[in-house]
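The values are calculated or read from the model by the stated rules, or taken from the named source; none is laboratory data. In this text, all values refer to a predicted model and were calculated from it rather than measured experimentally. Please note: Cβ atoms are built from the backbone with ideal geometry, for glycine as well, and neighbour counts cover all protein chains shown. The accessibility values were calculated without ligands, DNA or RNA, using every heavy atom of the protein model including side chains. Shrake-Rupley method; radii C 1.70, N 1.55, O 1.52, S 1.80 Å.
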Amino acid sequence: QVRLVESGGGSVQAGGSLRLSCAASGYTYSWNCMGWFRQAPGKERGWVAAIYSGGGGTPYYADSLKGRFTISQGNAKITMYLQMNSLKPEDTGLYYCAAGLGPPCSTGSWGYSDWGQGTQVTVSS
C-alpha cells in the first residue's frame, strides 16, 4: 500500500520560486532513496535530484540546475521537499516524486520502484 502524493505545483513567472512537497505513506521501510524527476512535452523523463536517507541525508542534483534547486526530507522519510528558485521557462514540466531501495541513489527512472502521479510546474517568460 505504498503511496506518494506530490503537491505545490503551479504557474510562476521566470525568476520566481516554488516549493514542491511529496507525502509518502504505506510501506516505506525499505526505502533508502527518494528523488524528483520531471518531464517536459516531447522529452524523456529526466532526473532532477535525490536524497540518500540511508547515508545521512546526502543530497544529489542534476548539474544543469546550477544550484537553483534544493532537496530536503522531513521526519522518518515521510515528507520530501524540492525548493525551486530562479525558475526558468525550460523548467516547465510535470514533476514526479519517486522512491527506491538504493543504494546508490540512481539518476535513472529504473532505480525507483514507487512513483507519485506528478504535479505540473509552468514557468512563463
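Considering only residues of the stretch 21-40 that are closer than 18 Å to GLU6 by Cβ and not in a strand (DSSP E or B), which is most open to solvent (accessible area, probe 1.4 Å)? Even if it seems obvious, please write down each step before you answer.
Our first condition is that a residue be closer than 18 Å to GLU6 by Cβ; within the stretch 21-40, this holds for 21-26, 28, 31, 33-40.
This time we only want the ones that are not in a strand (DSSP E or B), so: 26, 28, 31, 40.
Working: GLY26: 43, THR28: 21, TRP31: 4, ALA40: 27 Å².
Step by step, filter the stretch 21-40, then rank; the result is GLY26.
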Scan of the stretch 105-125 for residues that are closer than 14 Å to CYS33 by Cα and either in contact (Cβ under 8 Å) with a residue 60 or more places away in the chain or polar (S, T, N, Q) (or both), ordered by number: CYS105, SER106, THR107, GLY108, SER109, GLY111, TYR112, SER113, ASP114, TRP115
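For the stretch 44-57, which residues satisfy the criterion of being free of Cβ contacts under 8 Å to residues at least 40 places away in the same chain and open to solvent by 50 Å² or more (accessible area, probe 1.4 Å)?
Restricting attention to the stretch 44-57, the residues satisfying the condition of being free of Cβ contacts under 8 Å to residues at least 40 places away in the same chain are 44, 46, 49, 53, 56-57.
Residues satisfying the conditions are GLU44, GLY56.
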Neighbours by Cβ (under 9 Å, 6+ apart or cross-chain): first from the stretch 5-22, closer than 19 Å to GLY67 by Cα; second assigned to a strand (DSSP E or B) and aromatic (Phe, Trp, Tyr): ARG19/TYR81; LEU20/TRP36; LEU20/TYR81; LEU20/TYR95; SER21/TYR81
Residue within the stretch 44-58 that is outside any strand (DSSP E or B), touching a Ser or Thr at 6+ places or on another chain (Cβ under 7 Å) and over 17 Å from CYS105 (Cβ atoms) present: no
Count of the stretch 64-80 residues which are touching a strand residue (DSSP E or B) at 6+ places or on another chain (Cβ under 6 Å), at pLDDT below 95 and either open to solvent by 60 Å² or more (accessible area, probe 1.4 Å) or assigned to a loop (DSSP other than H, G, I, E, B) (or both): 1
Failed condition for GLY56, given (1) touching a Leu at 6+ places or on another chain (Cβ under 8 Å); (2) more than 22 Å from GLY9 (Cα to Cα): (1)
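Mind checking which residues of the stretch 81-91 are farther than 21 Å from ARG3 by Cα and open to solvent by 20 Å² or more (accessible area, probe 1.4 Å)?
First, the residues of the stretch 81-91 that are farther than 21 Å from ARG3 by Cα: 83-91.
Selection gives GLN83, ASN85, SER86, LYS88, PRO89, GLU90.
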Of residues in the stretch 1-20 being among the β-branched types (Val, Ile, Thr) and outside any loop (DSSP other than H, G, I, E, B), the one least open to solvent (accessible area, probe 1.4 Å): VAL12
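Find the residue count for the stretch 92-120, including only residues that are more than 13 Å from the chain's Cα centre (by Cα) and crowded, with 20+ Cβ neighbours inside 10 Å.
Looking only at the stretch 92-120, we keep the residues that are more than 13 Å from the chain's Cα centre (by Cα), and these are 92, 101-104, 110-111, 113.
From what's left, crowded, with 20+ Cβ neighbours inside 10 Å: 102.
Residues in the stretch 92-120 being more than 13 Å from the chain's Cα centre (by Cα) and crowded, with 20+ Cβ neighbours inside 10 Å: 1 in total.
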